[in-house]
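What follows is calculated from the coordinates using simple rules that are stated; it is not laboratory data. Bear in mind that the values here come from a model prediction, so they are computed numbers and not experimental data. Note: ideal-geometry Cβ built from the backbone for every residue, glycine included; neighbour counts use all protein chains shown.
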Amino acid sequence: MEFLKELQKDIRYIEGLHACINCGTCTAICPAAAVSDYDPRIIVDTVQRATEMDIIQLLKSDTIWYCGECLSCKTRCPRDNTPGYIIQALRALSIETGLFVESRQGQKQLAIKRTVGDHILQYGYCVYIDEVNTDMYPEQGPVWDWLSQNRAHILERLGASYKKEQSGTLRNTSAESLNDLRRIFEETGGTQRFDKIEKHSAQKADELGIEFQTGKDKYFDYLYEGDQK
Amino acid sequence: MKTAKNTNWENYQKEIADDNYYFARSCIRQNFFPAAEDIFLKIIRKELGKNIFDDAQQTTCTGIAYHSGIIPFETTMTVVARQFALMTEAGFENFVCSCVTSFGIYSEVLETWKHFPEKEEEARQALMRATGKTFEIPKNLVHTSDLIYKFRKEIASRATFRLLDKHTGNPLKVVDHIGCHYAKIFPEKGVGGAEFPYVLAGLIDDWGGAQVDYPERRHCCGFGFRQYLLKSNRGYSLSNSKYKFDSMQPYHPDVIITNCPGCTFFLDRWQYVIAEMEGTTYGENGYGIPVLTYEELAGLLLGYNPWDIGLQLHQVTVEPLLDKLGIVYNPEEKYKGLQGLDLGKPEMPEVLRCC
């Protein structure tokens with residue numbers, strides 16, 4: 001595979017990169033640059049001057065995974081580049097080529113696939129109340145524990161449609177709608193991307209000697225919790 | 001004070017349809033502020049007499065997954081195409097969504113289709129193969145906060161309360177926080193653009209409050225998509241919210257309002273975490289600064305019972321704000337179910353003062 005040519009086909013690359021003048025405005029206003037080893041100016045400059053080896057190094061790196069996709073860089077770039085779009089193209093190619101498992105940050109895509117990704121196809125929502133608890137999300141605080149313990153009563157008082165087959169807040173997504181989503185994922189590469197994330201992650205977990213099954217297994221904990229567990 | 005800079009927003013106006021909307025819900029708002037969208041619908045229908053359709057067939061737009069890098073743009077475009085197909089089937093032309101990430105997604109898809117018509121054709125064909133559906137492009141695409149902005153004067157004229165301190169008569173100091181994807185991607189699609197957004201500032205002005213202009217007013221709340229979703233990366237999110245709190249605190253805000261469901265959540269919950277981790281609280285007397293969505297604030301000013309609009313589900317206690325506004329509430333009702341059913345009470349945090 002010619003990595004640079006593949007990258008240049010991505011619509012997000014085409015829209016994201018025009019001519020970077022290396023002014024550093026993107027880095028100055030970037031929330032990720034303030035807290036992690038991430039510098040959008042350097043990434044854009046690297047991609048702009050790219051050699052095949054540079055691109056491979058980026059695809060295997062942690063740095064492309066630190067962007068938070070706030071897209072503040074799109075607003076502020078004086079030359080209409082969008083570093084956040086270039087990051088999207090790099091991330092997509094990193095997964096496509098399986099190189100995402102070569103970085104610790106890239107490996108974590110499995111944990112996101114097994115939460116948000118699986119929620120979409122199971123519930124029709126990216127986030128769903130039954131899957132949120134203060135073990136995984138301690139910042140939810142004691143008010144969330146109270147809501148979780150009393151969710152049917154509280155949601156009824158607030159007029160929600162929780163678990164009901166009707167319109168309204170937190171209603172069940174119909175089987176027909178879930179089937180539409182599943183078919184769209186199959187037709188547009190969503191399912192294939194999920195499969196690639198699972199397949200390459202299984203190989204990496206085996207290489208690292210960490211138990212790999214489904215759902216929230218030991219490899220998921222290793223990625224989701226990081227050094228905290 | 002008006003300056004040449006802060007009146008720039010006047011150059012960024014957008015068309016906001018007057019009636020007949022197809023409503024798309026938000027994953028985050030439904031889960032974390034489960035009464036907010038129903039207050040919005042109630043205000044639009046009952047207070048303003050407008051027609052809005054709440055469809056049982058819609059799904060997520062997939063925006064959180066897309067911005068976290070786990071699904072291709074083609075998948076997102078086709079899911080968006082399905083939402084537009086549902087709008088078309090229901091006989092509507094004006095699309096209004098509750099989520100700012102979704103608003104960015106819908107805007108991005110429509111802009112992409114303008115510049116790359118072959119991508120629209122691909123999405124049409126994929127949608128047809130997958131579901132047999134077809135669609136029309138919405139004539140008008142707006143965020144729910146745009147509707148509250150459009151009708152802010154009508155809401156003010158019906159309101160029981162204004163953003164005034166009952167004890168002093170002074171305007172309450174209100175921080176407005178705009179979700180990044182409301183206007184940073186496409187400034188021309190937001191009321192007031194990206195640098196001087198007016199969509200919430202306009203509510204503050206017309207509802208009697210005072211805007212707080214602080215250094216990090218435009219900084220991201222720190223969602224970061226994949227960064228928040230992973231516990232091991234969540235410091236990104238906390239750090240960026242703290243950056244904002246530290247910047248706004250010297251101005252002593254009475255309340256924060258946001259138009260993005262995620263921002264409301266992070267600015268509420270990270271205050272709890274900072275209090276418990278560091279002992280720092282940002283409100284008065286050990287409380288936090290209450291954080292409300294725009295429709296919750298509108299509901300309060302219109303006289304809705306705070307416990308019927310879900311304010312008991314905020315981790316930062318809202319009572320200091322209710323007291324300033326002069327809203328009379330029954331503390332005993334706060335944690336009750338229907339017909340006064342006793343549901344116990346949440347545990348109190350160790351540092352952050354709560355009621």
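Roughly how far apart, in whole Å, are the Cα centres of region A:35-114 and region B:200-271? Cα centres, region A:35-114 to region B:200-271: 26 Å. Taking every C-alpha pair closer than 8 Å and separated by at least 6 residues, the mean separation divided by the residue count of chain A gives a relative contact order of 17 percent.
State, as an integer percentage, the relative contact order of region B:161-340 based on alpha-carbon contacts under 8 Å between residues 6 or more apart.
Working: 272 pairs, mean separation 42.7, N = 180.
Relative contact order here is 24 percent.
Distance from the alpha carbon centroid of region B:64-85 to that of region A:155-176 works out to 23 angstrom. Here chain A is scanned for GluC sites (Glu not before Pro) in DSSP loops (not H, G, I, E, B) that have at most 15 other Cβ atoms within 10 Å, and the longest stretch holding none of them is A:3-164.
Bridging of B:K166 to lysines at a Cα separation below 19 Å is possible for B:K324, once same-chain residues fewer than 8 apart are set aside. Residues A:R171, B:R29 in ascending order of nearby Cβ atoms (within 10 Å, fewest first): A:R171, B:R29. Check each of the trypsin sites (Lys or Arg not before Pro) in region A:11-52 and keep only those in coil by DSSP with at most 16 other C-beta atoms within 10 angstrom; list them in order. Answer in residue order: A:R49. Listed by chain and number, the lysines placed with their C-alpha closer than 17 angstrom to that of B:K345 are B:K334, B:K336; residues fewer than eight positions away on the same chain are left out. Would you mind checking which residues have amide H under 5 Å from B:Y21's amide H? H placed 1.01 Å from N; only 5 or more apart, or other chain. Amide H neighbours of B:Y21: B:N51, B:I52, B:F53.
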